[in-house]
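The values are calculated or read from the model by the stated rules, or taken from the named source; none is laboratory data. Given the structure is predicted, the values throughout are model-derived calculations rather than measurements. Note: ideal-geometry Cβ built from the backbone for every residue, glycine included; neighbour counts use all protein chains shown. The protein model used for the area step is the full one, side chains on, heavy atoms only, and it has no ligands, DNA or RNA in it. Shrake-Rupley method; radii C 1.70, N 1.55, O 1.52, S 1.80 Å.
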Amino acid sequence: MCQKFTQISTFLKILQISKILELNSKLLYCISLKFSIFRRYPYRLPYKYNFKNSLDMKTYKMSKDRFPEFIEKIKTKGQLYGPVKGNGKYSFEEIEKFEDLDFDYQRTVIGPKKFLTPPRYQTLRYDKSGQTDVFVSDETQIVIGVHPCDIHGIKILDRLFLGNIKDPYYEKRRNNLIIIGHSCLPDENCICQSTGTDMVEDGFDLFFTELADHYLVWVGSDKGLSIAIENEDILTEEISEEEIQEYVRWQQKRSEMFKSEIPSFKYLADIIHLNYDSKVWDQFGEKCLSCGTCSLVCPTCNCFNVEDRISMNTEDGFRERILDSCTLPCYSMVAGGHDFRPDRTSRLKLYYTHKLKEYIGRWGQPSCVGCGRCVTYCPVDINVITVSKALYEEVCENQEVCE
Amino acid sequence: MAITTREGDHSYVTQPAKILAMKDLTEDTRYFKFKFLDESIVEENYKPGQFAIMSLPGVGEAVFSISSPPTRTDFIEFGVRKVGSFTEALFKLKVGDLVHLRGPYGDGFNMESLRGRDLIIISGGLGAIPLRSVLLYVEDRREEFNQVFFLNGARSPADMLYREDIIAMAQRGIIESHLSVDKDDTGEWPYHEGVVTTLFPKITDRVVSEKTTAIICGPPIMYKYVIQELLKLKIPKDQILMTLERRMKCGQGHCGHCAIGGRYTCLEGPVFTFYDVQHIKELI
């Protein structure tokens, strides 16, 4: 049996390596030679990063008709959330019964970041006698049906909030969250293959890969393992050779389904660096509505504002954090009225530079996970694909490398 | 995080501090002196140039440069200009009232690495507030530094901060001060008139460029012109230190407001060198 885990995991590795090789086309090679002098960022490892040896990853199989039973059992562990269709869109909502769940979705409007850094939450309460910190209760939250891109998004938030300085509010929520992933098939807006986030090896507790009549269940953490052990009557470790073959075929089919890509994602940091003064930014700035939708839906956007509110009786009040966006006006305005980024162009430039370039210098990886939310929801079509394409074309305009 | 956070505290813990004294410096700028209620907190583990976050329940939080030096450990001082809702509420407080402080945050001037060097301290307007911490540090540990020049620019004689203190320090030979105002509307200003860069000729012949460190703080417009003068004096780029201002909410690199490219001013600043400025776009 042990051999079979190894087989699956090795296959995953090979798939990733072959993907990298594919990327290394002649064109990109030329660009890499041309631009490599600009690559001055050391690829630093994140402060806290647990390398899990994927060979140790335990894998189970579950028959599809036992899934409702699994949901019933997992519900006893805490409040369960999962993808639900409502109002024509999907979102993670509270789950009462198995029938509420709908796993046949591409993306929810807001990702699982809402469980970790909710758009609005209290941090402090005070009255005339003093102040107390507000923390969430110890109740476990379970979110099921999270796609690989969103799991990568959570990993990026973890690096920021659980790095050298830990954010106590995030930490509490993160410790109380159980993440159960679910496999997905891409649509025309999915770009996770370009960003390298179409597969996950860690960051989840359990991960369900849906095949024809059963699930492959991957265990990604101790929490996940204990859930798996509790459910051993539903899960089995017997995975046959045919089932592995079926998984392999499914992976191949999935990887061929991607229609969109970010051109030369690997070199985007350099391309942005070269394009710092490009007129492309002005063109996008002209179009941008400064509405903040991109930050609201992005699974890695986490900037927050802090505001105090006093209740109507003027006796007590609270301090709260509200999701903010660097594309909104006044984002960089200081007391006295000086605004460091008064125009849309400079704010939009901060958004994309920070996300696609500067994150690499800080954490070794851009903070775009290719979920396609900005592609779907930006009302004026400013998104990672259009921005990176425009920048790519701009830098290639007069250069023979792009032929 | 030495002042307010102790073992076991989370990073947003604030400490109540009492207003010991306050004094109007100019029409809209006031000096505040605080003492922590918790006697075990000693105000010494910070660098000049670092900042603290002050909280008033019901009003909010705001960032202020610490203007007292780490060498004076019985109290902590700030200089505040009334420009917004928070400072308006702060100005309404009386001696003995409480505020909540957390910090210090950011990376300040590393005074220990400047031992034995000449200093040119250049301040414009409110820039004198964080630089007061540097000046008082120099006063308390004068033997650690060689010659110290202080150039100060203000809009008018009434806008000049800490005038008596600076003149007293100059008379005692601690610093060589050169003061200037953009426009003397009183007709009684005994010193130079003109922008701060016009003070440079007074010190040019005595600056030893390889031994000198320049420390700048002032309004955004000032940096460009002052740096030009310093480069003319051949001060090395990594010895031109400046402290910058950005909007901040958390002080811990999480809220994102102070990001300049990938740098967070609250973690890697507010003190930057001219070398940083050349390599990070948008810094000044």
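List of remarks:
- For A:Asn302, the conditions (1) facing chain B (nearest Cβ under 8 Å); (2) surrounded by fewer than 19 Cβ atoms within 10 Å (Cβ to Cβ); (3) under 22 Å from A:Arg373 (Cβ atoms) all hold with the exception of (2).
- Strands (runs of 3 or more DSSP E) fully within the stretch A:166-239 that include at least 3 residues being among the aliphatic types (A, V, I, L, M) and in the same structural domain as A:Thr140 (by TED's automatic domain parsing): A:177-182, A:214-219.
- Residue within the stretch B:265-273 that is within 9 Å of another protein chain (Cβ to nearest Cβ) and modelled with pLDDT of 85 or more present: yes
- Pairs linking a residue in the stretch A:314-334 that is in contact (Cβ under 8 Å) with a residue 12 or more places away in the chain and open to solvent by less than 10 Å² (accessible area, probe 1.4 Å) to a residue that is assigned to a loop (DSSP other than H, G, I, E, B) and acidic (Asp, Glu), with Cβ atoms under 7 Å and 6 or more positions apart or on different chains, are A:Tyr331/A:Asp324.
- Cβ-Cβ under 9 Å pairs, at least 6 apart or on other chains, the stretch A:61-72 side without any contact (Cβ under 8 Å) to a residue 40 or more places away in the chain, far side part of a helix (DSSP H, G or I): A:Pro68/A:Phe98; A:Pro68/A:Glu99; A:Glu72/A:Phe98
- Out of A:Gln245, A:Gln251, one residue alone is outside any loop (DSSP other than H, G, I, E, B) and open to solvent by 30 Å² or more (accessible area, probe 1.4 Å). It is A:Gln245.
Table: residues versus (1) outside the structural domain of B:Leu37 (by TED's automatic domain parsing); (2) under 30 Å from A:Arg309 (Cα atoms); (3) modelled with pLDDT of 90 or more; (4) part of a helix (DSSP H, G or I).
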position: B:Thr71; (1), (2), (3), (4): no, no, no, no
position: B:Thr87; (1), (2), (3), (4): no, yes, yes, yes
position: B:Ile120; (1), (2), (3), (4): yes, no, yes, no
position: B:Leu136; (1), (2), (3), (4): yes, no, yes, yes
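- Scope the stretch B:43-57; condition more than 14 Å from every other protein chain (Cβ to nearest Cβ) and not in a loop (DSSP other than H, G, I, E, B); matching residues: B:Ala52
- Top-ranked residue of the stretch A:370-403 - restricted to ones that are at pLDDT below 90 and charged (D, E, K, R), ranked as farthest from A:Cys192 (Cα to Cα): A:Glu400
- Test: residue in the stretch A:277-291 that is farther than 28 Å from B:Pro57 by Cβ, open to solvent by 30 Å² or more (accessible area, probe 1.4 Å) and within 12 Å of another protein chain (Cβ to nearest Cβ): yes
- Flag if B:Ile216 is farther than 30 Å from A:Tyr331 by Cα, crowded, with 18+ Cβ neighbours inside 10 Å and either more than 14 Å from chain A (Cβ to nearest Cβ) or among the aliphatic types (A, V, I, L, M) (or both): no
- Residues satisfying the criterion are absent from the stretch A:68-77 (criterion: in a strand (DSSP E or B), more than 14 Å from chain B (Cβ to nearest Cβ) and closer than 15 Å to A:Ile179 by Cα).
- Test: residue in the stretch B:248-257 that is within 30 Å of B:Lys211 (Cα to Cα), at the interface with chain A (Cβ under 8 Å from one of its Cβ atoms) and open to solvent by 20 Å² or more (accessible area, probe 1.4 Å): no
- Number of positions in the stretch B:27-44 that are under 24 Å from B:Leu126 (Cα atoms) and open to solvent by 10 Å² or more (accessible area, probe 1.4 Å): 7
- Tallying residues that are open to solvent by 20 Å² or more (accessible area, probe 1.4 Å) and under 15 Å from A:Cys301 (Cβ atoms) within the stretch A:377-393 yields 2.
- When B:Gly60, B:Gly79, B:Gly106 are checked against the criterion of being buried (at least 21 other Cβ atoms within 10 Å of the Cβ) and within 13 Å of chain A (Cβ to nearest Cβ), B:Gly106 stands alone in meeting it.
- Of all residues in the stretch A:90-138 being away from chain B (no Cβ under 14 Å) and among the aliphatic types (A, V, I, L, M), the one that is nearest to B:Leu56 (Cα to Cα): A:Ile110
Here is a yes/no grid of residues against (1) outside the structural domain of B:Gly96 (by TED's automatic domain parsing); (2) modelled with pLDDT of 90 or more:
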position: B:Ala2; (1), (2): yes, no
position: B:Asp9; (1), (2): yes, no
position: B:Ile19; (1), (2): no, yes
position: B:Thr29; (1), (2): no, yes
position: B:Ile41; (1), (2): no, no
position: B:Val63; (1), (2): no, yes
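- Residue satisfying all of: in the stretch A:219-231; in contact with a helix residue (DSSP H, G or I) (Cβ under 8 Å, 6 or more places away or on another chain) and not aliphatic (A, V, I, L, M); surrounded by the most Cβ atoms within 10 Å (Cβ to Cβ) among these: A:Asn231
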